[in-house]
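So the structure is just underneath, and the comments pick up after that.
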Amino acid sequence: MLHKADRALDDINKLHSFWLFSLEPKEKDIITIVAIDQTSRQHLNLKWPWPRSTTAEMIRKISACDPKAIGLDIVFSGESEPAEDQALITALKSHPKIIAASVVQPDGIIKPAPQFETALKSTGFVNRPIEGGKVRSLIPIIQDANQPPLIPMEFEILQAYLDRDITKRLVL
């Protein structure tokens, strides 16, 4: 059994070994991440949750750049005003590979509302199990016998980006 200090050292070694022995991906210069943090929201004078039409406009602008895949760390659960929901649905349909977030909770999985989920390529969960205050280096996959596997959002984005299904290699 590893002690706390040994486990921390093991984590550091794994991280350094990855960057030391792995080649940088060729895609590193063509992947764009748009993050809207608290400071950005204040600058834009937006409070969360903002109207879905604002998200729809952002999606249309990103989609116009013809990306291979778009990942949105937003769950889109519930409904709002019909015009706002329709604007979002239209924007989600504007690109064939949009992935949105889902969240795994002790009482179940929270996914986008059905009208949004059908407009998406897929969803992937964004939360991770935490052990001792740290997210461990594991790839959790949730499998229910009656459902397809639920995999992390970054793998859903990768599948869309590569245009191939990698879940067969992940699920035993």
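The values are calculated or read from the model by the stated rules, or taken from the named source; none is laboratory data. Since we're looking at a predicted model, the values are computed, not measured. Positions of Cβ are backbone-derived with ideal geometry, glycine not excepted, and every protein chain shown enters the neighbour counts.
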Restricting region 106-124 to residues that are under 18 Å from the mean Cα position of the chain (by Cα) and in a helix (DSSP H, G or I), the residue that is surrounded by the most Cβ atoms within 10 Å (Cβ to Cβ) | 116
Boolean, residue 80 is assigned to a loop (DSSP other than H, G, I, E, B) and of a type in the set (S, T, N, Q) | yes
Within region 67-100, considering residues that are of a type in the set (Ser, Thr, Tyr) and over 22 Å from residue 153 (Cβ atoms), the one farthest from the chain's Cα centre (by Cα) | 80
Does region 136-157 contain any residue that is at pLDDT 80 or above, β-branched (Val, Ile, Thr), within 24 Å of residue 65 (Cα to Cα) and surrounded by fewer than 16 Cβ atoms within 10 Å (Cβ to Cβ)?
-> no
Residue 96 vs. criteria surrounded by fewer than 18 Cβ atoms within 10 Å (Cβ to Cβ), out of contact with any Asp or Glu (no Cβ under 6 Å at 6 or more places or on another chain), of a type outside the set (D, E, K, R) and under 19 Å from residue 147 (Cα atoms) | no
Report yes if residue 103 is of a type in the set (Val, Ile, Thr), surrounded by fewer than 15 Cβ atoms within 10 Å (Cβ to Cβ) and more than 18 Å from residue 159 (Cα to Cα), otherwise no.
-> yes
Taking residue 64, is it over 23 Å from residue 155 (Cα atoms), buried (at least 18 other Cβ atoms within 10 Å of the Cβ) and over 18 Å from the mean Cα position of the chain (by Cα)?
-> no
